[in-house]
Structures are given as C-alpha cells and as structure tokens.
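To start, the structure under review is shown below, and the notes come after it.
The values are calculated or read from the model by the stated rules, or taken from the named source; none is laboratory data. Just so it is clear, the structure is predicted and the values come from calculations on it, not from any experiment. Here the Cβ positions follow ideal geometry from the backbone for every residue, glycine too, while neighbour counts run over all protein chains shown. Side chains included, ligands, DNA and RNA excluded: accessible areas come from the protein's heavy atoms. Shrake-Rupley method; radii C 1.70, N 1.55, O 1.52, S 1.80 Å.
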Amino acid sequence: MNITTTANSRLALLSLAGGLSLFIAFIFVQSLFFKFTNSYETQFIFGTLAGWSGFTWFGAYGGYLIGTAELIAAVLLFTRFHGVGAVMALGIMTGAIFFHLFTPLGIVMPEFNAAGQMIGTDGGLLFGMACLIWISAIVLVVRDSRQPQGFLYHFLHRFLHRFLRQPQGRSGGTEADNGGAV
C-alpha cells in the first residue's frame, strides 16, 4: 500500500465519520424544537412512557432530559471527544428503539396539528430515524475505538491495562496457578 492510497483511505474514513456525525447532530438538533417547546408529539411520547413506567415526572421532564443529552452528544461529535458523543448517541437511541418496540409507545407515532388534534401518523419515520442514528453511532464508536488517536481507543486501552492485567509477583494460588508445582 503506497502513501497516496493510505491518505485516500484515511480521507474516506474522515469523510464517512464527518458525514455520520453531521447526520446525527442534524437530527438531534432538529428534534430539540419539539422537545424544548413541549410539543404535542413530545407530550404524547413522554406521557405514554410515564404512564407505562409509573414515573409520572418523566412525562413532564423527559423531553427536556433527553433533549439536553442529545444536544450534548451533538456538540461532542465535533470535538476531540467525538467518541463519547457517539457512545451517548448510541445509548440514547438504544433507549428510544427499546421503548418503541417493547412499550405501548409503538413504532408508528401520531402527528398533531397546532390545536393538538391528531391529523395522521408518521408512518414509522421517527422509529426509522432512531434506527439509522443507532447504526451511524455504532460505526463511529467502532471507528474511534480502533484508531490510536481516538478517545475511546485510549480509554479502552487504559481500562484494559489497568483492570484486566494479571498482577505481577503474586504468590500462593492453586496448583494450576503454579504450574502444578506445590
């Protein structure tokens, strides 16, 4: 592999990562209007989840909490901590997908007019976008954890080194630990 091919491969990876980061951030920031204005869609989603879970506070504050987390993730995607932003996006969307599939929320969401009357459904668009963001976030997490300059790469290697290494100079143990010698 020559230098030009290596540079082109890195540029393609950067373009992919940049495009996926832009996609995630765009969707997250675009959804803030609904969450931070407590739109009828937000009231329906978080009210349904509050009723299902028994956490009544989630109906009133869930949109603000999730919106804030999405905003933080969107910003982090464009910093040196982009791997953390990708992990956050992955976690947020894992929750969204879980709640769509395994609660009364469902996959198809209602759409409301300005008066709060249901005027149709989204045909599963919100769920589909959550799945696309989830896949995009996985790609970014894997990419950051494999590149030596990635934050997740350094974090994982430090974690593995510190917590998964065998202690040196350890005495005692079983016969198997001592090579069968007593």
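One table, with the values for the structure above:
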{"item": "Which listed residue, of Leu32, Leu22, Leu49, Leu14, is under 21 Å from Gln147 (Cα atoms), out of contact with any Lys or Arg (no Cβ under 7 Å at 6 or more places or on another chain) and at pLDDT 95 or above", "result": "Leu22"}
{"item": "Output for the stretch 26-55, where each listed residue is under 18 Å from Phe98 (Cα atoms), out of contact with any helix residue (DSSP H, G or I) (no Cβ under 8 Å at 6 or more places or on another chain) and assigned to a helix (DSSP H, G or I)", "result": "Phe44, Thr48, Trp52, Ser53"}
{"item": "Of residues in the stretch 112-133 being open to solvent by 70 Å² or more (accessible area, probe 1.4 Å) and within 25 Å of the chain's Cα centre (by Cα), the one farthest from Gly51 (Cα to Cα)", "result": "Leu132"}
{"item": "Unmet criterion (only one of (1) over 14 Å from Ser21 (Cα atoms); (2) free of Cβ contacts under 8 Å to residues at least 24 places away in the same chain; (3) assigned to a helix (DSSP H, G or I)) for Met88", "result": "(1)"}
{"item": "Filter result for Phe58 (farther than 30 Å from Gly19 by Cα, modelled with pLDDT of 95 or more, open to solvent by less than 40 Å² (accessible area, probe 1.4 Å) and not in a loop (DSSP other than H, G, I, E, B))", "result": "yes"}
{"item": "Every pair of residues 6+ apart whose Cβ atoms lie under 6 Å, when the first sits in the stretch 24-40 and is open to solvent by less than 80 Å² (accessible area, probe 1.4 Å) while the second is in a loop (DSSP other than H, G, I, E, B)", "result": "Ala25/Leu77"}
{"item": "Residues satisfying the stated conditions in the stretch 46-74, i.e. in contact (Cβ under 8 Å) with a residue 40 or more places away in the chain and within 19 Å of the chain's Cα centre (by Cα)", "result": "Glu70, Leu71, Ala73, Ala74"}
{"item": "Flag if Leu101 is out of contact with any Leu (no Cβ under 8 Å at 6 or more places or on another chain) and either open to solvent by 40 Å² or more (accessible area, probe 1.4 Å) or part of a helix (DSSP H, G or I) (or both)", "result": "yes"}
{"item": "Sole exception among (1) open to solvent by less than 30 Å² (accessible area, probe 1.4 Å); (2) touching a Lys or Arg at 6+ places or on another chain (Cβ under 9 Å); (3) of a type in the set (Ser, Thr, Tyr) for Ser136, by number", "result": "(2)"}
{"item": "Qualifying residue in the stretch 125-146 (condition: outside any helix (DSSP H, G or I) and not basic (Lys, Arg))", "result": "no"}
